[in-house]
Structure formats: structure tokens, C-alpha cells
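Mind having a look at this structure? Questions to follow.
The values are calculated or read from the model by the stated rules, or taken from the named source; none is laboratory data. Keep in mind that what you see is a predicted model, and the values were worked out from it rather than measured. In this analysis, Cβ positions are derived from the backbone assuming ideal geometry, glycine residues included, and neighbour counts consider all displayed protein chains. To get the accessible areas, we keep the full protein, side chains included, count just its heavy atoms, and leave off ligands, DNA and RNA. Shrake-Rupley method; radii C 1.70, N 1.55, O 1.52, S 1.80 Å.
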Amino acid sequence: MSVEKHIAVAIDGPAASGKSTVAKIVAKRLGLIMVNTGAMYRAVAWATIRDGVDVDDASAVVEMLDNVVFSCGVEDGLSTILVDGFYPGEELRQNGVNQRVSGVAAIPEVRALLVDKQREYLKLGSVVMEGRDIGSVVFPNTPFKVYIDASEEVRLARRSAEGLNDAVAKRDAEDSKRKISPLKVADGAVVIDSSEMGIEEVVDAVMQVLRDKGAPAEIFG
Ligand code: CDP
């Protein structure tokens, strides 16, 4: 497929709604690249901890961006991010990162840098990209947009089942109320409430959206 034929499947939704799991399965099934944009914002938050940068001081964070190299790539069909050549791995899910990431993600310069990197992925191939603003800002023209939701109760239960302590409601509130690229249902996105659905059901629902919206037959193999 030529670059113009590459498609972007945008999957947005609140914290712990199951986006990443679903995006990974859909991407694997269709042979597309799965891009986890949350990991990119988490990597910036992680770097502020490493460098002792105060996230409430936006100009200090912006200055840090000039001195740190964030490199995005793909490994086994999944996006990767290195910070000055180092892969922070599981440290991206640590509590300090959870607490800082929404603040960092509200800084326009951080978003501008990462959105550019996210759009670059489409040059490599078709993508399933998950985040908060993929259907609204990163790829507003893609017809393939879903918003995966789940009740707060279900999302909290999913996080604690992973053994993680994450104030999802607080993060959602911050992500939804920020001025730039807030978490919202993008124009034309199909909302899937996954509260009472298993992962496979959600995957099927996403596949159905792709078919309904006219995804090219080639991507279904
Ligand atoms: O923990 P969960 O998988 O739900 O979140 P994530 O996808 O890892 O995203 C972590 C944080 O990054 C979010 O709470 C947002 O503040 C920010 N984010 C964003 O602003 N825009 C995106 N496209 C993706 C994440």
C-alpha cells in the first residue's frame, strides 16, 4: 500500500477503559502498527522526574524538551519510546508518573512535539493509535474513530486488578477540562460502552466499525 493508502484507526477514551488491550488485539489481527500515545506523554512525565523538573512550571518543562531526545520507533508491531536512548519500561506506569502526566500533557509545546511524532507513524504503515485526542486532533479526517468508554467503577476495578494505584477519576477530570485537546468524543466517533463487555466483544465491535465505515478489504487480509 502507498503512503496515501495507509489508514489510521483512532481509539480514544478515558483512563483504564481498555483501549490499549483492544488496540493491541485489533492491530495484531489486521497486521497494523499499534501506537500507544499515552506512553509518549508518560515518557515526558518520567523525564521530569529523572531531571527534577517541576511540572507546575511549564517553561521549565518546555526547556527540558530542548535538552532531551525522545525517539519513537516500532518493535514487534508496537510503538516504542526511548528517552535519551533509554527505555523506561514499567517505570512509565509508576505512581509518580500517573500523578504528573495529566499536568505535562496540558502543556501545548509537549502536545505539539508528540502529535508530530504520532503523525509520522503513518509514513511507516497503517496504524491503530490510542489516546485521548487521536480522532479529534491527530487524525481528524480519518473515518475510523471509536471512543471506548466504561463506568468509573469498572475502570477503577480494572486498574486495581492490575495491582496499580491510579486515581483515574482525577486524571480524567484533568484531561477533560484542559483547554488544549481535551478528552472528548471526536466528531464522527462511534462510542462503545465496554462496562459490561468482554475484550473480545469490544474487539468485534471495533472491527464492525471498520467494516461499516468502508475500510479497504486489503486490511482484513
Ligand atoms: O492509564 P491509561 O492507559 O488510561 O492512560 P494513558 O493512555 O497511558 O495516558 C496517560 C495520560 O497521558 C492521560 O491521562 C493524559 O493526560 C495523557 N494523554 C493525552 O493527553 N493525550 C493522549 N493522546 C494520550 C494520553
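Check Arg100, Arg119, Arg111 and return the single one that is over 29 Å from Gly163 (Cβ atoms), buried (at least 16 other Cβ atoms within 10 Å of the Cβ) and charged (D, E, K, R).
It is Arg111.
Kindly list the number of the only condition in (1) within 16 Å of Ala27 (Cα to Cα); (2) at pLDDT 95 or above that fails for Phe220.
(2)
A further question follows. Name the pairs: first residue in segment 146-165 and farther than 29 Å from Gly188 by Cα and within 14 Å of the ligand (Cβ to nearest atom), second residue assigned to a helix (DSSP H, G or I) and at pLDDT 90 or above, Cβ to Cβ under 6 Å, at least 6 apart or on different chains?
Partner pairs satisfying both residue conditions: Asn165/Asn95.
Which is modelled with pLDDT of 95 or more and within 30 Å of Gln208 (Cβ to Cβ), of Gly52, Gly73, Gly38, Gly85?
Only one candidate qualifies: Gly38.
Scan segment 149-197 for residues that are in contact with an Asp or Glu (Cβ under 9 Å, 6 or more places away or on another chain), at pLDDT 95 or above and open to solvent by 60 Å² or more (accessible area, probe 1.4 Å) and jot them down.
Val185, Val191, Asp193
Moving on to the next point. I need the full set of residues from segment 122-141 which are open to solvent by 20 Å² or more (accessible area, probe 1.4 Å), touching a residue at least 24 places away in the same chain (Cβ under 8 Å) and not hydrophobic (A, V, I, L, M, F, W, C), in order please.
Lys123, Arg132, Ser136, Pro140
Tell me whether segment 19-26 contains one or more residues that are open to solvent by 10 Å² or more (accessible area, probe 1.4 Å), in contact (Cβ under 8 Å) with a residue 12 or more places away in the chain, away from the ligand (no atom under 14 Å from the Cβ) and assigned to a helix (DSSP H, G or I).
yes
Ok, one more. Please state which one of Ala43, Ala39, Ala58 is more than 23 Å from Val26 (Cα to Cα) and either touching a Ser or Thr at 6+ places or on another chain (Cβ under 9 Å) or within 14 Å of the ligand (Cβ to nearest atom) (or both).
Criteria check complete, one pass: Ala43.
Follow-up question, since we're still on this one. Within segment 156-175, which residues are within 20 Å of Glu90 (Cα to Cα) and among the basic types (Lys, Arg)?
Across segment 156-175, the qualifying residues are Arg158, Arg159, Arg171.
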